[in-house]
Every structure is written in C-alpha cells, then in structure tokens.
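Before any comments, here is the structure.
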Amino acid sequence: MKTFTTSTGNAYLVMDYGKNSIPTDDIKYIEGDGNYSNFQLSKGKSFISSFTLRTFTSKLNEERGFFSPRKGLLINLNYANEIVTRGNSKFIKMKDGKELQLSRRKGRELIDFLKDTKWDIGV
C-alpha cells in the first residue's frame, strides 16, 4: 500500500498491488480491528483492508486532513461536523450524524489542533 498525488493535487491510496486506488478525500474514517482496518467511505461505501491502522496513520497524517482522536480510529476532518460534550465524555459528530468517542488526552489535542489551524467545525 502506498500513496500518490496527481498533478492536480488529488491524493490516493493505492491498494491491492495497484489494482485499486481510493481518493483520500472519499475516506470518512478508518477503524482498526486487530490486523485489519475498516474503511468508511463517502456515499455509504465501506471495505476492509488487511493492513493495520498504524500503516494508514503514517500515510494519512494531519497535513492531509486526518487525525487520530483515540486508539483505533483515524478520521478525515473534512467529514467532521462538531465536537459534542456529554458529561465527561467528548464525541466528534460526523456530517452523516455518526458520533465517534474521543479519548480525554487526544480530545484536548484535537481541539487545540482545530483552533491552531482554523479548521471550520464547531469547537
């Protein structure tokens, strides 16, 4: 698995020995599941990869708009809508309505990152 960027600036993940490529803009979030990664894509599509989440975390970093708000999760901030607080817990609400829990430490780190970069979601 590798990434490449086209001359127009669009980034892709190349999977399955070059047979498939996924625009990184289509990835809403990736959840780690042991030695597998579950991709949730735009338009309701999903698929499973046999690469670990750590592999994708190193390729899809903050410069590409991705952030790991807790262990086992990597989100595309372009699909994040707002940060919701309930009691002592924080959640990131995605544009499709799904809420993903943040860890305490990473939740604070995400809020600081969003403020520093002027990312446009409700903080």
Over segment 14-37, the set of residues surrounded by 15 or more Cβ atoms within 10 Å (Cβ to Cβ) and closer than 21 Å to Lys71 by Cβ is Ile27, Lys28, Tyr29, Ile30, Glu31, Gly32, Ser37
I'm told Lys43 meets every condition in (1) farther than 24 Å from Ile111 by Cβ; (2) modelled with pLDDT of 90 or more; (3) basic (Lys, Arg) except one. Can you identify the failing condition by its number?
(2)
In segment 63-91, the residues that are out of contact with any Lys or Arg (no Cβ under 9 Å at 6 or more places or on another chain) and among the β-branched types (Val, Ile, Thr):
Thr85
How many residues of segment 50-84 are in contact with a helix residue (DSSP H, G or I) (Cβ under 8 Å, 6 or more places away or on another chain), more than 14 Å from Lys106 (Cα to Cα) and part of a strand (DSSP E or B)? The answer is 1
In segment 85-109, which residues are touching a residue at least 60 places away in the same chain (Cβ under 8 Å) and assigned to a strand (DSSP E or B)?
Met94, Leu100
Identity of the residue in segment 12-35, at pLDDT 90 or above and part of a strand (DSSP E or B), that ends up farthest from Leu77 (Cα to Cα)
Asp33
Can you name the residue in segment 50-63 that is of a type outside the set (A, V, I, L, M, F, W, C) and either at pLDDT 90 or above or more than 13 Å from Val14 (Cα to Cα) (or both) and is also surrounded by the fewest Cβ atoms within 10 Å (Cβ to Cβ) among such residues?
Glu63
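The values are calculated or read from the model by the stated rules, or taken from the named source; none is laboratory data. Small disclaimer: the values here were computed from a predicted structure and weren't measured. We place every Cβ from the backbone using ideal geometry, glycine too, and count neighbours over all the protein chains shown.
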